[in-house]
1. When Cys108, Cys71 are ordered from fewest to most other Cβ atoms inside 10 Å of their Cβ, what list results?
2. Within the stretch 160-189, which GluC sites (Glu not before Pro) sit in a loop by DSSP and count at most 16 neighbouring Cβ atoms inside 10 Å?
3. Most exposed first by the Cβ proxy, i.e. fewest other Cβ within 10 Å, how do Asp64, Asp197, Asp149 rank?
4. Extension gain Thr259-Glu207, at 0.36 nm per residue separation less the Cα-Cα distance, in nm?
5. Once you've got the Cα coordinates, tell me which of Lys109/Lys218; Lys50/Lys167; Lys113/Lys186 are over 21 Å apart.
6. In terms of Cα to Cα distance under 16 Å, which lysines are near enough to Lys23, apart from those fewer than 8 places away along the same chain?
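Derivation of every value follows stated rules applied to the coordinates shown; laboratory data play no part. Bear in mind that the values here come from a model prediction, so they are computed numbers and not experimental data. Neighbour counts are summed over all protein chains in view; Cβ atoms, including those assigned to glycine, are modelled from backbone coordinates with ideal geometry.
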Amino acid sequence: MFFYRMITSWLLSKFEQTRKFRKMYTFPDKAGKHFWIYGSWESWNIEILKNHFLPNPENGVFLDIGANIGCYTINLADHFQEVWSFEPAPIASAILYANIESNKLGNCKIINKGVGNKTGTETLNIIPSNSGMSSIINKHSESVDVEIDIIMLDEFIPATIKIELVKIDIEGFELEALLGAKEMLKMNSAVVQLELDTTSDMEKSKEIITLLRDLGYKNFYQRKRGIFYRVLRRLYIQDLQIENFELQSGKFYQAVWATK
């Protein structure tokens, strides 16, 4: 009876958890498993943003750089006046459009361009089996190459717009995006969320942290990973606490948050 109640309680908690997130179309790939379990891709990061970094609803603009099908765009749209979603991959941006339309979100707009440190074009390597891993930097054996337009945020974003949140998930091209957004980040006090991967490029990760510090960012956070982190993760139980971030070699940080 004890185990029955425990399992029932866990299933009910998962049901309530998935109800927090908007319904979305998705790819039939790795992300599909997470949608069934969590209700969204990277749902723990979305909840951390809501709980710790977004106290003022409907305030300012959210730049979702590497929006993919819109997990962040769709589920955070209510917290901002506008969401600008940058997604250059054709199929992903089409699904993103469908998700915005099906959820009747009038404050979201899609920009079918990549973000970097210069205006021009780049080759995007799209991985059909895992669209979220599509990358300008990393080549994969099964990738399909697509030429995309690249913009600089400093040139693209009007200086009059108040930026509140910048999420960057572009598979190794984060430094280039930040280098093209230095003036924008100087003028705003936006929260920045980005991935760091010191397993493949420690020096680039150091450059990113140094650049953000030079732009006035003083506080850096990561998800808290306590002694039972691996056990809880295998049970699909979320830990939504944060702690001070320390850059270490040989680690993949799915989300690092920086504030001024």
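1. Working: Cys108 24, Cys71 29.
Starting with the residue having the fewest Cβ neighbours, the order is Cys108, Cys71.
2. none
3. Numbers: Asp64 29, Asp197 17, Asp149 13.
Neighbour counts put them in this order, fewest first: Asp149, Asp197, Asp64.
4. Values: separation 52, 0.36 × 52 = 18.72 nm, distance 1.69 nm.
Answer, rounded to one decimal: 17.0 nm.
5. Values: Lys109/Lys218 31 Å; Lys50/Lys167 13 Å; Lys113/Lys186 23 Å.
From Lys109/Lys218; Lys50/Lys167; Lys113/Lys186, over 21 Å: Lys109/Lys218; Lys113/Lys186.
6. Counting by Cα, and skipping residues close in sequence, Lys23 has these lysines nearby: Lys14, Lys33, Lys104.
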